[in-house]
Amino acid sequence: MTTAVDRSRPVSNIDSEQLLRMYRRMIMIRLFEEQANDLYTRALMPGLAHLYSGEEAIAVGVCEALRPDDYITSTHRGHGHCVAKGAALDRMFAELLGKEAGYCKGKGGSMHVADPDTGNLGANAIVGGSMGIATGAALTAKRMGTGRVAVCFFGDGALGQGLLYEVMNMASLWKLPVIYVCENNLYNEYTHNSETIAGDILTRARGFGVPAESVDGQDVQAVYHIAKKLIEDARAGGGPQFLLCSTYRFTGHHVGDIKRDYYRSKEEEQLWKTERDPLTLFSTWLVAEKIADAQKLNQIEADVRAEIEKAVAFAMESPYPAADKVDQDIYA
Amino acid sequence: MPETQTAVRELTIGEAIKETLAEEMRRDPTVFILGEDVAEAGTVYKVLSGLVDEFGPERVLDTPISEAGFAGVAVGAAMTGMRPIVDIMFGDFIGLTMDQMVNQAAKIHYMSGGKWKVPMVMRATIGATRRSAAQHSQSLHAWLCHIPGLKVVMPSTPYDAKGLWKTAIRDDNPVVIFEDKMMYRLKGPVPEGEYTIPFGVADIKRPGEDLTIVATSSMVQVALGAARLLEEYDINAEVIDPRTLWPLDEKTLIESARKTSRVIVMDEGYGRYGVNAELASVIAEGAFYDLEAPVKRIGAMHVPIPFSPPLEDATVPTEQSVLEAALALCGKS
């Protein structure tokens with residue numbers, strides 16, 4: 001595990017406005033998840049909450065390289081993807097609380113946020129369930145010549161699902177503009193992936209003729225640069241791409257997963273949090289490179305915090321859907 | 001002979017399906033077909049033969065043998081502006097697509113609060129007696145009838161096949177069409193050109209007063225044959241085809257049951273927990289006080305479909321078995 005920002009990397013060609021936008025988006029996801037955790041533990045949020053904390057650099061780095069009209073599919077650990085693709089915080093929180101004003105009118109909840117306006121085809125609570133959907137969206141993009149691409153986010157747990165290999169095969173045969181982004185946070189729910197993954201992950205994709213790269217998923221600039229290249233290749237007709245991001249889930253599988261020492265140590269968690277926090281790594285770099293001083297970054301955080309408080313208040317005050325809405329939206 | 005714009009020809013069900021797909025693909029460039037051996041092979045029953053010549057391999061797209069994968073691709077394509085038709089070679093293979101159909105296609109509209117739509121059609125087969133054994137002969141349509149968000153269509157005539165297929169392709173929801181593999185060569189009148197049949201409207205295939213036989217797909221012809229046999233016993237049977245299992249035209253079934261007071265329901269799926277159970281229940285709830293006898297269910301025997309012909313033939317309802325059940329129901333056995 002590296003413990004500091006890689007100084008050997010060429011100076012970033014991302015302009016400072018964009019860098020600060022990425023930082024802002026990352027802190028937004030971190031604080032969003034803190035609020036989700038708080039709402040959940042105060043019994044204000046029903047159901048389950050799978051937090052994205054620790055993995056922010058992947059969603060932000062990849063989505064920063066996308067066009068607004070590009071597609072994404074997300075996962076049960078999907079709040080970060082939705083926010084990174086441009087979801088409004090107030091409607092996100094409203095959905096998490098099951099309110100009418102939520103993105104899905106309260107019918108989807110935390111694990112199913114979807115939004116056509118930001119190209120979000122939906123978070124999916126079947127592990128690996130959205131791989132066909134992302135690939136199909138890429139088929140449409142190619143057929144209609146829209147120039148769009150589709151990004152399929154999934155975790156290392158989904159590497160065990162056969163669907164991935166079926167659709168990668170087709171995407172490669174048909175040269176579809178889809179990027180499979182694997183967030184390898186080391187754990188399939190409560191099981192270390194050394195127990196679940198045989199062989200080499202990148203080789204699996206390359207076996208289908210899919211170009212595959214790996215990246216430090218805690219380094220948002222590294223993620224952005226490699227994602228940008230893969231997305232441009234896919235958009236230019238180069239077919240599907242595969243990106244493996246090494247990362248870590250700072251919290252449990254879900255909020256209620258408190259006692260975790262039977263599958264991972266507190267020391268391991270602490271090491272990632274102190275040495276490999278994507279926000280700390282990025283803020284340290286921003287200050288060192290004089291892109292922003294600590295005061296500026298604190299201001300960004302304070303602004304985002306205020307925005308989140310407002311969004312939570314909106315969600316809390318919003319009404320639940322009327323019970324007679326239960327059988328609406330079954331059929332279009 | 002005067003010129004007419006809606007000449008009526010005799011077509012087989014297979015020909016009617018192919019004509020409909022061709023018309024819809026000409027009308028709407030977003031309609032395309034994907035599945036195993038759909039292009040040059042035209043599927044194993046040759047129903048799609050020739051379509052690739054007119055529409056090309058991108059719109060009649062041969063896939064790998066990956067039912068889950070291409071069903072999932074269809075869901076994503078449908079959400080983003082295409083109207084895919086997913087061809088499942090044998091209905092027995094829908095098990096491989098179940099997550100995509102049940103957890104994805106059926107639920108995306110609801111889970112997204114009505115924002116995403118999934119306008120796709122899946123076609124699959126039902127029907128035994130083709131000596132294809134336990135994994136190529138089942139009638140598993142009840143599985144999909146169980147899921148809110150899906151529509152399930154079962155045409156029994158060439159005319160119905162064309163009208164129902166047009167409606168399915170134009171529907172903004174996932175629709176599953178089950179075709180009886182033994183009926184592709186059944187002939188019947190089909191008007192040229194444009195007509196649609198709305199979902200949720202049953203068709204009275206034969207009017208009668210003494211007994212109602214509700215029959216689906218492959219069982220419609222069996223029911224009509226039994227009805228002809230029943231004439232000799234002065235029993236005039238009404239045969240009703242629901243045509244779509246969901247939405248279901250409950251009203252027509254109940255009205256017929258109230259009129260005749262005796263009902264047989266016939267579907268080639270398994271009897272237990274199946275389509276017959278639902279049809280019988282709808283009728284019992286809606287016409288209980290008008291019934292002279294309990295609703296009789298006739299379906300496939302509750303066994304895996306065997307290979308050996310005398311064994312397989314014993315698993316499916318026949319005109320004779322319907323006749324016997326009808327006579328018993330009418331107190332004439």
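The numbers here are math on the coordinates, done by the rules we state, and not lab data. Note that the coordinates shown come from a computational prediction; the quantities given were computed from them, not determined experimentally. All Cβ positions, glycine included, derive from the backbone under ideal geometry; neighbour counts span all protein chains shown.
Given the C-alpha centroids of region A:40-68 and region A:70-90, what is the distance between them in whole angstrom? What the calculation gives is 7 Å, centre to centre.
Helices of chain A meeting both criteria, an alpha-carbon length of 24 angstrom or more along the long axis and an average Kyte-Doolittle score not below -0.5, with helices taken as full DSSP H segments, are A:16-41, A:294-317. Partner aspartates and glutamates whose Cα lies under 16 Å from the Cα of B:Lys251, excluding those fewer than 8 positions away in the same chain, are identified as B:Asp203, B:Glu238, B:Asp241, B:Glu278, B:Glu285, B:Asp290. For chain A, modelled as a GNM whose springs connect Cα atoms under 10 angstrom apart, the maximal fluctuation among A:Gly239, A:Gly119, A:Gly199 occurs at A:Gly199.
Among B:Val38, B:Val176, B:Val52, the largest mean-square fluctuation in a Gaussian network model of chain B (Cα springs under 10 Å) belongs to B:Val52.
A Gaussian network model of chain B, with springs between Cα atoms under 10 Å, assigns the largest mean-square fluctuation among B:His302, B:His141, B:His109 to B:His302. The antiparallel fraction among DSSP beta bridges confined to the protein assembly as shown stands at about 20%. Overall form of the protein assembly as shown: prolate. Here a/c, set by the Cα gyration tensor axes a ≥ b ≥ c, is 1.5 or more, and a/b is the larger of a/b and b/c.
Restricting to Cα pairs below 8 Å that are 6+ residues apart, what does the relative contact order work out to for region B:203-329? Please round to a whole percent. Rounded, it is 27 percent for region B:203-329. Taking every DSSP bridge with both residues inside region B:8-191, close to 20 percent are antiparallel. Charging the Cβ of each Asp and Glu at -1 and of each Lys and Arg at +1, and nothing else, the dipole of region B:66-199 about its Cα centre rounds to 80 debye.
Span-like helix criteria (full DSSP H runs; alpha carbon extent of at least 20 Å along the helix axis; mean Kyte-Doolittle hydropathy of at least -1.0) are satisfied in chain B by B:13-27, B:218-231.
Residue pairs exceeding 18 angstrom between C-alpha atoms, taken from B:Lys166/B:Lys205; B:Lys162/B:Lys187; A:Lys85/A:Lys107: B:Lys166/B:Lys205; A:Lys85/A:Lys107. About the centre of its Cα atoms, region B:1-101 shows a dipole size close to 240 debye [charges on the beta carbon of Lys, Arg (+1) and Asp, Glu (-1) only; nearest 20 debye].
Which one of B:Leu51, B:Gly225, B:Ala293 has its Cα pushed farthest toward the positive end of the charge dipole of chain B, where Lys and Arg give +1 and Asp and Glu give -1 at the Cβ? Value computed over the given set: B:Ala293.
The relative contact order of chain B, computed from alpha carbon pairs under 8 Å that lie at least 6 residues apart in sequence, is 16 percent. Computed about the Cα centre, the dipole magnitude for chain B is approximately 500 debye when only Lys and Arg (+1) and Asp and Glu (-1) carry charge, each at its Cβ.
Cross-link partners of A:Lys310 among aspartates and glutamates, defined as those whose alpha carbon lies under 12 angstrom from its own and excluding same-chain residues fewer than eight positions apart: A:Asp90.
Rounded to the nearest 500, the helix-only mean residue ellipticity at 222 nm of chain B stands at -9500 deg cm²/dmol, with each DSSP H run of n ≥ 4 adding -39,500 (n - 2.57). For region A:35-98, the relative contact order works out to 39 percent when only alpha carbon pairs closer than 8 Å and six or more residues apart are counted. The alpha carbon gyration tensor of region B:8-191 gives principal lengths a ≥ b ≥ c with a/c below 1.5, which makes the shape rounded. Rounded to the nearest 500, the 222 nm mean residue ellipticity of chain A from helices alone is -13500 deg cm²/dmol, with -39,500 (n - 2.57) taken per DSSP H run of at least 4 residues. Taking a ≥ b ≥ c as the square roots of the eigenvalues of the alpha-carbon gyration tensor, chain A is classed rounded because a/c is under 1.5. Counting only residues at least eight positions apart within a chain, or on another chain, the lysines with an alpha carbon under 22 Å from that of A:Lys259 are A:Lys273.
The Kirkwood hydrodynamic radius of region B:184-333, based on inverse pair distances between different Cα atoms, is 15.8 Å. Between the amide H of A:Asn188 and those of A:Asn193, distances stay under 5 Å, these residues lying 5 or more places away or on another chain, with hydrogens modeled in the peptide plane.
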